[in-house]
1. Read through the list (1) farther than 30 Å from Glu108 by Cα; (2) at pLDDT below 90; (3) of a type in the set (Gly, Ala, Ser), then give the number of the only condition that Ala20 fails.
2. Cβ-Cβ under 8 Å, sequence separation 6+ or interchain: first residue in the range 50-74 and open to solvent by 80 Å² or more (accessible area, probe 1.4 Å), partner β-branched (Val, Ile, Thr). Which pairs?
3. Among (1) open to solvent by 70 Å² or more (accessible area, probe 1.4 Å); (2) modelled with pLDDT under 95; (3) of a type outside the set (Phe, Trp, Tyr); (4) assigned to a helix (DSSP H, G or I), there is one condition Leu77 misses while meeting the rest; what is its number?
4. Within the range 93-105, is even one residue at pLDDT below 95, charged (D, E, K, R) and open to solvent by less than 70 Å² (accessible area, probe 1.4 Å)?
5. Condition first: in a helix (DSSP H, G or I) and in contact with a Lys or Arg (Cβ under 9 Å, 6 or more places away or on another chain). Can you find one or more residues in the range 80-89 that meet it?
Amino acid sequence: MTDDDQKQRMAQLEAKIDAAKKAKQPETRADADYSGGELAWRMVIEMVSGLGIGFGIGYGLDSLFGTLPIFLVLFTLLGLVAGVKVMLRSAQQAQEKQTAAEATDKDERD
């Protein structure tokens with residue numbers, strides 16, 4: 001065998017290996033990170049935790065100072081605002097990931 005013949009056979013072997021690897025790889029999905037249900041549960045948990053923390057702080061301050069439930073209402077509303085803010089940030093991140101994945105898929109097809 002000559003060196004050229006060996007190089008040619010080696011190139012053919014590498015091409016076959018690459019083709020076999022590509023055939024075994026599953027296609028990547030745009031929603032591989034989070035499904036809709038997982039994202040929805042994450043948002044619900046963020047909202048409830050914000051409300052719970054605000055409620056707990058407000059109740060604790062009202063108990064400490066012996067006041068009417070003014071701190072309870074105030075901090076519950078602040079917890080609601082914080083929960084909504086975190087929930088919207090999560091939705092924005094999920095949208096950015098989906099947009100980036102779709103752009104990547106479009107570039108690969110072109």
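The values are calculated or read from the model by the stated rules, or taken from the named source; none is laboratory data. Note that this is a predicted model, so its numbers are computed, not measured. Ideal geometry is used to build each Cβ from the backbone, glycine not excepted, and the neighbour counts take in all protein chains shown. Quick note on the areas: whole protein, heavy atoms, side chains included, nothing else; ligands and nucleic acids left out. Shrake-Rupley method; radii C 1.70, N 1.55, O 1.52, S 1.80 Å.
1. With respect to (1) farther than 30 Å from Glu108 by Cα; (2) at pLDDT below 90; (3) of a type in the set (Gly, Ala, Ser), Ala20 is out only on (1).
2. Phe55/Thr76
3. Evaluating Leu77 over (1) open to solvent by 70 Å² or more (accessible area, probe 1.4 Å); (2) modelled with pLDDT under 95; (3) of a type outside the set (Phe, Trp, Tyr); (4) assigned to a helix (DSSP H, G or I) leaves (2) as the failure.
4. Yes, there is a match, as at least one residue in the range 93-105 is at pLDDT below 95, charged (D, E, K, R) and open to solvent by less than 70 Å² (accessible area, probe 1.4 Å).
5. The answer is yes, given that some residue of the range 80-89 is in a helix (DSSP H, G or I) and in contact with a Lys or Arg (Cβ under 9 Å, 6 or more places away or on another chain).
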